[in-house]
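**Student:** Dropping a structure here in structure tokens format, bear with me for questions.
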Amino acid sequence: RGGYWRADYRRILEEIEKQRPSRLIDIGCGSGGFLCAVQKRFPEIQLNALDLSEEMVRETAARLGPAAAATAGDAEHMPLESGQYDAVTCNMSIHHYPHPQNAVNEMYRILAPGGTLLLNDMDCAAPIRALANRVFPRLPGGDVKMYTRREITEMIQNAGFERWYYRKISPFSFLCIARKA
């Protein structure tokens with residue numbers, strides 16, 4: 001239900017406070033812990049969720065109630081209309097995607113002009129990242145790769161975002177904020 005990453009949620013909620021989107025979707029929503037925090041703080045935002053796991057989608061839908069929509073789908077090929085969200089969040093899930101550039105391209109596609117992507121994931125020292133990337137394929141959790149700052153910002157740029165910034169928000173995580181022109 002968020003665990004350690006709940007500390008990151010606080011930083012992302014601060015960004016949502018600045019943006020005040022009317023429609024937000026969380027990609028790779030898991031059990032919906034982050035969206036519950038958004039719903040509690042910003043009940044006026046229309047919330048949506050997407051996850052590959054139908055079980056996670058059911059759990060998210062049950063936690064959020066009828067005011068939110070939860071969809072089962074692949075982040076790399078989203079079954080969603082283009083340009084419909086003011087904000088897209090992706091918390092601790094990009095490291096699960098075999099083709100992350102496809103997922104970031106899709107996040108760009110579903111954002112409305114002027115919309116914001118809030119991408120949060122793991123970031124740590126190079127030796128630890130190298131070890132994690134050797135171990136990830138052997139773990140049952142579906143982890144694929146922990147990406148470097150350069151890899152993340154290249155994905156953002158390649159997707160078409162014109163403005164972005166990347167910052168560490170804890171010893172083990174980053175937040176990249178990108179805006180669609």
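**Student:** Counting only residues that are polar (S, T, N, Q) and open to solvent by less than 30 Å² (accessible area, probe 1.4 Å), which one in segment 80-91 is modelled with the lowest pLDDT?
**Tutor:** The residue in question is 91.
**Student:** Sticking with this structure for a sec: Within segment 98-123, which residues are assigned to a loop (DSSP other than H, G, I, E, B) and either surrounded by fewer than 22 Cβ atoms within 10 Å (Cβ to Cβ) or without any contact (Cβ under 8 Å) to a residue 40 or more places away in the chain (or both)? Steps first, please.
**Tutor:** Filtering segment 98-123 down to residues assigned to a loop (DSSP other than H, G, I, E, B) leaves 98-99, 123.
Hits for segment 98-123 are 98, 99.
**Student:** Answer yes or no as to whether residue 136 is at pLDDT below 95, surrounded by 13 or more Cβ atoms within 10 Å (Cβ to Cβ) and of a type in the set (A, V, I, L, M, F, W, C).
**Tutor:** Judged against the criteria, residue 136 is a match.
**Student:** Considering only residues of segment 149-179 that are closer than 23 Å to residue 10 by Cα and part of a loop (DSSP other than H, G, I, E, B), which is least open to solvent (accessible area, probe 1.4 Å)?
**Tutor:** Checking each candidate, the answer is 171.
**Student:** Moving on to the next point. Please identify the pairs in which a residue from segment 76-93 that is free of Cβ contacts under 8 Å to residues at least 24 places away in the same chain has its Cβ atom under 9 Å from the Cβ atom of a residue that is open to solvent by less than 40 Å² (accessible area, probe 1.4 Å), counting only partners at least 6 apart or on another chain.
**Tutor:** Sorted first by the residue in segment 76-93, then by its partner, the pairs are 79/50; 79/73.
The values are calculated or read from the model by the stated rules, or taken from the named source; none is laboratory data. Nothing here was measured: the structure is a model prediction, and the numbers come from that model. Glycine gets a Cβ as well: all are built from the backbone with ideal geometry, and neighbour counts include every protein chain shown. Remember, those area values only see protein heavy atoms, side chains included, never the ligands or the DNA or RNA. Shrake-Rupley method; radii C 1.70, N 1.55, O 1.52, S 1.80 Å.
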